[in-house]
């Protein structure tokens, strides 16, 4: 795929002309299109030491103009887990969802005021805990190199 110049002055899309694996195909397995099925061609080759300290994911060629990250774990031995892909997929399948896991048709709209206030307080607390559970591991995502994105995904699973 080659990107042609645009009529927008100063817009440089030349970074799009770096894909040398055009036509990569992932085939869904019996569990669907999982991370394991997506790891094809260079995307599936997990290096012992990651490349340039950028946010580029495995298989992508980093742009020389992209920002560098000085504090990243780049060695596979520092962050890798063979189980990360499987644990991520299992976590996503077991993720609780208020849209389907609460029997909304059974909720009574006429709760006594004290019960409704207590439920509002409890739900607010649970929401705060959920945000904390997502924020804490999220702060480490930038420190794990993008070539080990399975570990990043696992650490950032909603609880």
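Brief remarks follow.
- At full extension, residue 55 and residue 133 could sit 25.8 nm farther apart than now, given 0.36 nm per residue minus the alpha carbon distance.
- Cα gyration tensor category, rounded, prolate or oblate, for segment 59-140 with a/c compared to 1.5: prolate
- Most fluctuating residue given options 34, 113, 124, as computed from a GNM of the chain linking Cα atoms under 10 Å: 113
- Within the chain, the ratio Rg/Rh, alpha carbon atoms throughout and Rh by Kirkwood, equals 1.11.
- Nearest-ten-degree value, helix 84-93 long axis tilted from longest Cα axis of the chain: 40
- Calculated FRET efficiency for the pair residue 97/residue 14, C-beta based, R₀ 25 Å, to 0.05: 0.05
- For segment 94-159, the convex hull drawn through the C-alpha positions has a volume of 85 cubic angstrom per residue.
- With Cα atoms, 0 to 90° folded angle of helix 113-138 axis to the chain main axis: 20
- Packing-based order for 79-87, 103-111, using average beta carbon neighbours within 10 Å, highest first: 79-87, 103-111
- One decimal place: the segment residue 41-residue 26 gains 4.4 nm when fully extended, by the rule 0.36 nm per residue minus the C-alpha distance.
- Every Cα-Cα pair in segment 16-101 was counted, and those over 21 Å apart are 48% of them.
- Segment 19-155, relative contact order [Cα under 8 Å, separation at least 6], %: 33
Read-outs throughout are calculated quantities, based only on the coordinates presented, and are distinct from any laboratory measurement. Predicted model only: the values in this text are computed from it and were never measured. Cβ sites come from the backbone with ideal geometry, for glycine too, and all protein chains shown count toward neighbours.
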